[in-house]
There are 2 protein chains.
Amino acid sequence: MSDPKKSEKVTMKMLAIELGLSTATVSKALRDSYEISAETKARVIAAAGKLNYIPNPFASSLRNSRSHTIAIILPEIADSFFSQAINGIETIVSQYQYHALIYLTHESYQREVQLFTELNSGRVDGVLLSVSCETADTKHIQYLLDTGLPLVFFDRISKGLAAASVRTNDLESAYLATSHLLTQGCKRISLLTIDGFPAMLQSRAKGYKEALSDEKYPLYSNILSCHSKYDADNINLIKQHIEEYHPDGLVITVEHLATSAYMACKELKLKIPAEIKIICFTNQLTASILQPPLSTVQQPAYEMGKQAAELLFQQLTGKQMSVQHRVLPSVLMIRESSTPDING
Amino acid sequence: MSDPKKSEKVTMKMLAIELGLSTATVSKALRDSYEISAETKARVIAAAGKLNYIPNPFASSLRNSRSHTIAIILPEIADSFFSQAINGIETIVSQYQYHALIYLTHESYQREVQLFTELNSGRVDGVLLSVSCETADTKHIQYLLDTGLPLVFFDRISKGLAAASVRTNDLESAYLATSHLLTQGCKRISLLTIDGFPAMLQSRAKGYKEALSDEKYPLYSNILSCHSKYDADNINLIKQHIEEYHPDGLVITVEHLATSAYMACKELKLKIPAEIKIICFTNQLTASILQPPLSTVQQPAYEMGKQAAELLFQQLTGKQMSVQHRVLPSVLMIRESSTPDING
DNA sequence: GTGAAAGCGCTAACAC
DNA sequence: GTGTTAGCGCTTTCAC
């Protein structure tokens, strides 16, 4: 009979009966209402502990229209940027005793839209969003914003929406990365990137182009978009590109293409940095032990996650009404992949 | 007045009024009950679409005692294993139209216990768990199992609990990794690991020891536990260890120590693999472009996540009553860090 | 300081 | 085939 698997969950009603009080009193006592005497509060808390009472979150959510839950919507997670960002987000979420639902769009616009339709259900009090590459049309986001649900963009931001955001100085970083390669003597710098609508990608391409056009000598500008989901395909694309255009420098805008670029160079027996110099936007800790150590533009991913979550909670707690935009600086970490080859 | 921010959420009651039906009929129609005529169903669905009706998940959860949500509890996420595992989990979760709450314990037993007390609230229908290193006492887990909440361990499993699990063949893999180094001529192989109670860590250490004791010649067995959260500290620990014991081989049981070990060797100007050979349990894609390419024991992380989630849903849907344990094979990827130096 | 009662939005047994 | 009704567990007015 006392099979624990069958033991009913203890409800507030049971607590009330046990104590000879009403559920109203118990509820108030547990929420530390001023109406309740200290003595009763103590009794209630003691009994709650003894009976292992755990409030049913759905009952209170239903009653209060508050879920104490946020949604984190990301394109992917197999990437050190988002891993670190989630850690930052989680820090704040747990601090506020909130819960975080995680959803991946896999860069699919359709999946993103589908997720958004359900977000309106009240399941979450707010959303942290990094849009998919395919997201050009942002009606689904605007619609959600119109319902008044707090939303904060991080890293991958859609243009033209009145929502808070946290991003890095992508244009400047790409400019600096490109300038760095120019300073190192590169004359033919290609940009390796992916297709997509998030402002971030455009800013990085723009930074690259501006750095080139600020130079005096004849320009070589060439953008390769690696659109495949499969590394093997991208390696081939990069190899073809290198064989056709013979770039002596690569600025890579997304983390996962670094490995592909290295592999492509390896297969072509191209020496980094002697024959081609590389710098990549990435947070991977292994950058410094790569062959050769990879120069990187490192984003403050953890901090971005933290700040995005903080902005969201400011909205949730009504502390902040204006739409805030934060821009955090990335750091250029210059390593051997982009500096004169000591052996060369 | 029609400020969208203030527009009330449309409820089933509104739908019913709009259609001149009762909420019962609407509810049944939406759930495609056999009691409702095709015509009514069509009308209801049309109206729901038109009015943008989204069911309140808390109301149904409260009513049905089903949350359609699972919890994913992990030590950390800044690690390629868990990133990939989450992707696998998410695939299955979205397939079942479920939601996934994510919690990080940061390897803290206390945090894990704290999370567990709340899990009993009904907020989730099931749990996917990878225990923290500190988790020796598993009462909190046993308690939850006793309530009948489905739980599946993955990768980091606690011993002696009657719960489903998905893991890799850790003992065998560590045995093979160690044997491999022995075959390559190593005589003094150290194990670099972390302290902790999950069976996985013990199995890996055991595999290492068994491989050594299966050898005939005089044995060197030495386990270094890198307990710090900070890479810099661990690099120093590893340097000290190398300087004191002069190992000619390292088997590393956890991903993040690979970078520390490489850094330590770099700082000591020790040549990998000429002077010291290394093999590490890791899923990082960059292993092949490290300096030198790192031999790895690669776990099928994505697949593990998928299978763990599948086992959980089998329990949730009542398709599986017996407690299942799955063991997936890891793959040894032999690269330059553990093979004879071509230049040496 | 405490309790009765209504209701959050949905579902399902039961009536008609 | 459709409607009435009770109730999931909690919060909160309002009465006492």
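Throughout, read-outs are computed from the coordinates displayed, never taken from laboratory work. Bear in mind the structure is a predicted one, so any value in this text is a computation, not a measurement. No Cβ is skipped: glycine too gets one built from the backbone with ideal geometry, and neighbour counts run over all protein chains shown.
Descriptive notes on the structure:
- Descending semi-axes in Å of the protein assembly as shown, equivalent ellipsoid built from Cα gyration tensor: 47, 35, 22
- In percent, rounded to a whole number, the relative contact order of the stretch A:1-106 is 22, using alpha-carbon pairs under 8 Å and six or more apart.
- Put a plus charge on the Cβ of each Lys and Arg, a minus charge on the Cβ of each Asp and Glu, and nothing anywhere else: the dipole of the stretch A:104-162 about its Cα centre is then about 60 debye.
- Ordering A:Leu101, B:Thr193, A:Ser132 by Cα displacement along the dipole of the protein assembly as shown toward the positive end leaves A:Leu101 in first place; charges were set at the Cβ atoms of Lys, Arg (+1) and Asp, Glu (-1).
- Rg/Rh for the stretch B:170-299 (Cα atoms only, Rh after Kirkwood) is 0.92.
- Anchor B:Lys13: lysines whose Cα lies under 29 Å away (excluding residues fewer than 8 positions away in-chain): A:Lys13, A:Lys139, B:Lys5, B:Lys28, B:Lys41, B:Lys50
- Alpha-carbon gyration tensor eigenvalues x 5, square-rooted, for the stretch B:12-55, Å: 15, 10, 9
- The mean sequence separation of alpha-carbon pairs under 8 Å and at least six residues apart, normalised by the residue count of chain B, gives a relative contact order of 17 percent.
- In nanometers and ordered shortest first, the copy-to-copy spacing of the B:Ser33 label point, defined 7 Å from Cα toward Cβ, is 3.5.
- Top of A:Ala287, A:Ala47, A:Ala163 by mean-square fluctuation, Gaussian network on chain A, Cα under 10 Å: A:Ala47
- When the Gaussian network model of chain A links Cα atoms closer than 10 Å, the mean-square fluctuations of A:Ser132, A:Ser190, A:Ser37 top out at A:Ser37.
- Positive contributions from Lys and Arg (+1) and negative ones from Asp and Glu (-1), summed over other residues with Cβ under 13 Å from the Cβ of A:Pro329, come out at -1.
- Point-charge dipole on Cβ atoms (K/R +1, D/E -1) for the stretch A:12-55, about Cα centre, debye to 20: 80
- Position A:Leu51, label points 7 Å along Cα→Cβ, spacing to each other copy in nm (shortest first, one decimal): 3.8
- Across B:Ala24, B:Ala261, B:Ala164, mean-square fluctuation computed from a Gaussian network of chain B (C-alpha pairs under 10 Å connected) peaks at B:Ala24.
- Nm distances between copies for B:Thr339, ranked from closest, using label points 7 Å along Cα→Cβ: 3.1
- Normalised by the number of residues in the stretch A:12-55, the mean separation of alpha-carbon contacts (under 8 Å, six or more apart) gives a relative contact order of 39 percent.
- Annotation: the residues A:Arg111, A:Arg167, sorted from fewest to most other C-beta atoms within 10 Å of their own C-beta, follow the order A:Arg111, A:Arg167.
- Gyration tensor over alpha-carbon atoms, chain A, equivalent ellipsoid semi-axes in Å: 52, 20, 18
- Exercise: per-residue mean of other protein chain Cβ atoms within 10 Å, A:51-63: 5
- Cross-link reach list, lysines versus B:Lys271, counting only Cα pairs under 27 Å and skipping chain neighbours closer than eight places: A:Lys266, A:Lys269, A:Lys271, A:Lys277, B:Lys187, B:Lys209, B:Lys229, B:Lys239
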